[in-house]
Structures are given as structure tokens and as C-alpha cells.
Amino acid sequence: MITHYLKNLQMKKTNIYDCSMIEIDKHHHEKGNISVVENGKTIPFNVKRVYYLYDVPGGESRGGHAHKELQQFIVAASGSFDVTLDDGILKRTFTINRPYRGLLIVPGIWRELDNFSSGSVCLVLASTEYTEDDYIRDYNMFKEYKK
Ligand code: TYD
């Protein structure tokens with residue numbers, strides 16, 4: 001999977017099939033569970049930044065942009081939400097609803113997040129530091145980039 005993934009990192013060439021759900025090891029204990037994400041093992045990049053979305057009002061949507069280089073791994077640390085991926089040609093919606101399963105998003109993919117359940121927490125592991133230059137926030141511009 002990782003070899004295939006590395007060939008397709010150029011944002012112009014990526015498509016929604018380069019994105020996938022990845023199972024995270026679950027250490028089950030009677031007193032509670034632990035899931036662990038490791039750089040280069042669970043996910044094919046090194047985490048530089050972690051952020052999380054929470055207190056998203058009912059009916060609200062997030063995202064509405066693509067990234068030129070950023071790779072992300074998105075987990076529902078709590079609750080559930082939907083992520084719709086769009087490579088300029090095809091769209092696919094994933095329901096993210098387990099703390100032991102995450103969605104890998106490669107560069108060059110437009111995403112919308114919606115349908116947040118009450119109290120949900122969207123945990124994002126990101127491959128680079130935050131920079132606004134990496135964002136494409138205009139859908140028409142995104143379509144141009146993908147040509
Ligand atoms: P954005 O990524 O557009 O949010 P979403 O995709 O969830 O709708 O981020 C919203 C704002 O938050 C952005 O304009 C600046 C700030 N922000 C940071 O300062 N650092 C970060 O790492 C992130 C992700 C956002």
C-alpha cells in the first residue's frame with residue numbers, strides 16, 4: 001500500500017483511490033482501550049502537527065478546500081462525521097465513526113466534512129506545519145490545478 005501511495009503524491013495526479021481507511025491497532029483492556037498511530041508504520045508519513053475540531057454546531061460543515069502538499073490522517077476520536085473526497089472527477093463519502101480507524105488523505109483532494117454528531121471530535125494528524133500557501137480554497141482553481 002505504501003509503495004503505491006508514494007508513487008502518487010504529486011497533487012495533480014492523485015485521485016480518491018489513493019485515499020483509504022486504515023485500521024489502527026486496538027489494545028483492548030477491561031478498563032478501556034488504547035489505539036496507537038506510529039510514524040511510517042500505521043501511516044505513510046511523519047506527523048508534524050496535530051489539531052482537532054470539536055464543538056461543531058449541528059448542521060455545520062467544514063473543509064471546502066484542497067492541499068498542495070499536506071497529507072492527513074483523520075480519526076473520529078469521539079462521535080462521527082462524514083468526509084466527502086473529490087479529485088475533480090470522482091467523489092466518495094466516508095463515514096468516520098470509530099477511534100480505531102482513520103482516513104488517509106493524500107495531497108490534491110478537495111474535501112468537505114459534515115454531518116458531525118453532537119460531541120464529536122475530529123482528530124487530524126498532519127504531515128506539515130500550518131501554512132495558508134498550501135491551501136486551495138477556490139473550487140474552480142482546484143479544477144484548474146488538476147488539469
Ligand atoms: P481550516 O483548515 O480552513 O479549517 P477547516 O478545514 O476545518 O474548515 O482552518 C480554519 C482556520 O484555523 C484557518 O483559517 C487558520 C486556523 N488554523 C491554524 O491557525 N492552524 C492550523 O493548523 C489549522 C488547521 C487552522
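Other residues within the sphere of radius under 13 Å centred on the Cβ of residue 128, judged by their own Cβ, net out at -2 (K and R +1, D and E -1). Each Lys and Arg adds +1 at its Cβ and each Asp and Glu adds -1 at its Cβ; summed about the Cα centre, the range 2-146 shows a dipole of about 380 debye.
Each helix, a run of at least 4 DSSP H residues, gives -39500 (n - 2.57); summed and divided by the residues of the chain, these come to -2000 deg cm²/dmol at 222 nm. Here's the list of lysines a cross-link from residue 12 could span, going by alpha-carbon distance under 17 Å and ignoring same-chain residues fewer than 8 apart: 68, 91, 143, 146, 147.
Largest GNM mean-square fluctuation among 15, 39, 115, using the chain with Cα springs under 10 Å: 39.
Would the chain count as rounded, prolate or oblate if I go by the C-alpha gyration tensor, calling it rounded below 1.5 in a/c and otherwise prolate when a/b exceeds b/c, oblate otherwise? Provide the component values of the computation, followed by the final result.
Working: a/c = 1.90, a/b = 1.32, b/c = 1.44.
Oblate.
Here the gap between residue 55 and residue 20, fully extended at 0.36 nm per residue and compared with their Cα-Cα distance, gives a gain of 10.0 nm. With neighbours defined as other Cβ atoms within 10 Å of a residue's Cβ, the residues 29, 67 order from fewest to most as 29, 67.
When each of 21, 11 is scored by the number of other beta-carbon atoms lying within 10 Å, the sequence from fewest to most is 21, 11. Put in order of Cβ neighbour count within 10 Å, fewest first, the listed residues 138, 133, 86 become 133, 138, 86. Karplus-derived 3J(HN,Hα) values for the range 92-104, using 6.51 cos²θ - 1.76 cosθ + 1.60 with θ = phi - 60°, are 8, 9, 10, 8, 9, 8, 9, x, 10, 8, x, 9, 8 Hz; glycine and proline are entered as x. Normalising the average separation of contacting C-alpha pairs (under 8 angstrom, six or more residues apart) by the number of residues puts the relative contact order of the range 43-147 at 42 percent.
Since every read-out is calculated from the coordinates, none of them should be taken as a lab result. Please read these numbers as outputs of a predicted model, since none were measured by experiment. Counting neighbours? That spans all protein chains shown, and the Cβs are built from the backbone with ideal geometry, glycine included.
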